[in-house]
Amino acid sequence: MRTIPLLLVGSLALLAGCGDGRSAAPASSPAPVPVALPVDLLGTWTAQDGSGFIALGARQVVVAVDGAPRIVAMPIQNAIEPGMSAGMIGLAGGAALFLARGTTPVNGVPVDHLDIEIVGADGKAVRRRLLAESGLRMAARIAPAAAPATPTARTPEVVAVVPKPADPDADFLAGVSPARRNLAEHCIARARAGDPPVVLSTDFGNRQRLTFSAVLTLMEQARNLPPAQAADRFAEADRKRSDAEAFAQAWRRWMAGRG
């Protein structure tokens, strides 16, 4: 009787083992990675009627709007090109936000708004108009005071004296960085020339949007640069963002001080 060579026996055993019904475990899909959203969209957007809000953060989006599913998810797709006022944000879990940007006058002040469609993972959609919470706060600060009630014989008139800064223009100039002093002087000149608050607010908002667009451009450039150069771009973007926020605070105090 012929013997089977050991090498052939081992090969047959290996082939038999491959057919025992076991299969390799499928490779796990990579975890989603958050994407950067446009800088000027970050923040809280709320409905004037109190029906909900959306908070857009750097690593998390929170949706709490009546009629839509409650969502706390990572942004994983940004389909909004720099300079565009409309686009789509994709969220982990399958939900998406389709939005278009505009402005709504509130107390005579233009406030940024989002016309937004919230599409859940099941395909159901809810539409809302949400306003920038920071803009609503600013509009509330510079809203004209209500006219005092007409005094009666029984109720003596009481006039509240609200102290104003001795010189709000000087305070404004002192409260901005040297890089923004020319812009502050421009705002003061327009106010002294008689521009109403709504015109001053529109000019302020347009200039802030230009600054945040520049911040976003720097961040996009940093993605394609070596680490050392990318760090410089990120640092410059952070300086511009911090400078714009400090200028916005000084501008709001100035507007409130002018009355």
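The values are calculated or read from the model by the stated rules, or taken from the named source; none is laboratory data. Predicted, not measured: the structure shown is a model, and the values here were computed from it. Cβ sites come from the backbone with ideal geometry, for glycine too, and all protein chains shown count toward neighbours. Ligands, DNA and RNA are stripped out before the accessible areas are found, and what is left, the full protein with its side chains, is counted by its heavy atoms. Shrake-Rupley method; radii C 1.70, N 1.55, O 1.52, S 1.80 Å.
Things worth noting here:
- Note on Met255: accessible area approximately 10 square angstrom, rounded to 10, probe 1.4 Å, nucleic acids and ligands left out.
- Shape summary of segment 179-259, radius of gyration then Dmax from alpha carbon positions: 15.6, 50 Å.
- Extent along principal axes [Cα atoms of segment 57-140; Å; largest to smallest]: 40, 30, 20
- Total formal charge among the other residues, if their Cβ is under 15 angstrom from that of Val62, Lys/Arg +1 and Asp/Glu -1: +1
- Scanning residues 5 or more positions from Val106 or on other chains, those with amide H under 5 Å from its amide H are Val111, with H placed 1.01 Å from N in the peptide plane.
- Charge tally in the Cβ shell below 15 Å around Ala73, where Lys, Arg are +1 and Asp, Glu are -1, Ala73 excluded: +1
- Net charge over other residues, Cβ less than 13 angstrom from the Cβ of Val109 (K, R count +1; D, E count -1): +1
- Overall Cα dimensions of segment 74-118 - principal axes, largest extent first, Å: 40, 20, 14
- log10 of Debye I(q)/I(0), alpha-carbon scatterers only, for segment 48-103 at 0.17, 0.20 Å⁻¹: -0.58, -0.79
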